[in-house]
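Visitor: Pasting a structure below so you can have a look.
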Amino acid sequence: MVVLGVPIDSGTGGRPGARFGPEAIRGASALIAGNLYHVGLETEIFEYLRIVDVGDVPVTPGQHERNLDAAEKWVRELMSVTERVVVLGGDHSVLLPVLRAVADAHGPVSFVHWDAHADTWDGGPEHLLTHATAVRRVIEEGLTNQVFQIGLRGYGPSRETFAWAAENGVEHWTMMDVEETGLRDIVQQVISTATGKVYLSIDIDVLDPSYAPGTGTPEPGGLTSRELLAGIRDLVRNTDVVGMDVVEVAPPYDHADVTALVANRCVLEFLAATAQRKAAG
Ligand code: MN
Ligand code: MN
């Protein structure tokens, strides 16, 4: 298991700051003393996993495409020595290079996308790869065989964009669906439909701004931290998750490190649930 940071925010449409995400997400580990024993899962992570944090991809300010190419190259190399990768963003545009490398190693994945936003905007030639178009590009490049989106809300993209997504096999659950059905039942539907290797992408703005104020495009009416952690845990325990990213953590807007803290715990939940899956054989 390898952890890698991609400190860029040049794919951001609104407020930047996610370039400081990896540093803040790592920093939130400092509050844990000693071991990594998950008290709910009754599992010590390091008993079952060897984990290496290789630091951040070296990036050059203003060189968006070049930085994304560097991220792809790094993940490609890492996938030759490890089965699973955790990527700390960075804005959501890091998804495309990471999934290119993961799909190259594992084949097209089932893609579970947690976000307030669909990120399926076409964008046109001027916006080929931003944080609002990354999921569109991933689908167009055939890096996934199934896409599940959870937590959508707010305004946009357009009806036409959602029609395009539906035609391309994207299933989505809005926050209205979460209110009616409950998050864990929705996750159960994903678990029963997903096939093969699974990749999780967690845009931290899927959480309500009260739980994650430190992000560039907050949208009221989102998930609680408890729902998100339970959702990750359920998915990782019941499917074969080979990679995960946590993106859009923007520390300049954070308060009391709450966003960095929950982003850190999303990673730990993935690690602990993976360790438990290994323990169970
Ligand atoms: Mn978002
Ligand atoms: Mn996003």
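Visitor: Please go through the stretch 171-187 and pick out each residue that is of a type in the set (A, V, I, L, M, F, W, C) and within 14 Å of Phe148 (Cα to Cα).
Guide: We begin by selecting, within the stretch 171-187, every residue of a type in the set (A, V, I, L, M, F, W, C); these are 173, 175-176, 178, 183, 186-187.
Passing the criteria: Trp173, Met175, Val178, Leu183, Ile186, Val187.
Visitor: Oh, and also: Just wondering, is there one or more residues in the stretch 106-125 that are surrounded by fewer than 19 Cβ atoms within 10 Å (Cβ to Cβ) and within 16 Å of ligand 1 (Cβ to nearest atom)?
Guide: yes
Visitor: Let me ask something else about it. Would you point out the residue of the stretch 232-272, among those that are within 16 Å of ligand 1 (Cβ to nearest atom) and part of a helix (DSSP H, G or I), that is farthest from Asp56 (Cα to Cα)?
Guide: If we take residues in the stretch 232-272 being within 16 Å of ligand 1 (Cβ to nearest atom) and part of a helix (DSSP H, G or I), then Tyr253 is farthest from Asp56 (Cα to Cα).
Visitor: Can I ask one more? Go through (1) in contact with an Asp or Glu (Cβ under 8 Å, 6 or more places away or on another chain); (2) modelled with pLDDT under 95 and name the single condition Pro7 misses.
Guide: Among (1) in contact with an Asp or Glu (Cβ under 8 Å, 6 or more places away or on another chain); (2) modelled with pLDDT under 95, the lone unmet condition for Pro7 is (2).
Visitor: List the helices (runs of 4 or more DSSP H) that sit entirely inside the stretch 1-94 and contain at least 3 residues that are under 23 Å from Lys278 (Cβ atoms).
Guide: It comes to 45-48, 64-79.
Visitor: To continue, here is another question. Show the residue pairs that are 6+ apart or on different chains and have beta-carbon atoms under 8 Å apart, the first residue being within the stretch 111-129 and more than 26 Å from Leu223 (Cβ to Cβ), the second being within 8 Å of ligand 2 (Cβ to nearest atom).
Guide: Gly123/Ala132
Visitor: Suppose we filter His131, His127 for residues that are within 16 Å of ligand 2 (Cβ to nearest atom) and under 19 Å from the mean Cα position of the chain (by Cα); which single one remains?
Guide: Working: His127 fails: under 19 Å from the mean Cα position of the chain (by Cα).
After ruling out the rest, the residue left standing is His131.
Visitor: Please list, ordered by residue number, the helices (runs of 4 or more DSSP H) wholly in the stretch 147-227 having 2 or more residues that are within 16 Å of ligand 2 (Cβ to nearest atom) and either touching a strand residue (DSSP E or B) at 6+ places or on another chain (Cβ under 9 Å) or of a type outside the set (S, T, N, Q) (or both). Show your work before the answer.
Guide: On the way: elements: 159-167, 175-181, 183-193.
Correct list: 159-167.
The values are calculated or read from the model by the stated rules, or taken from the named source; none is laboratory data. Because the structure is a prediction, the values reported are computed rather than measured. So basically every Cβ, Gly included, is an ideal-geometry build from the backbone, and we count neighbours across all protein chains shown.
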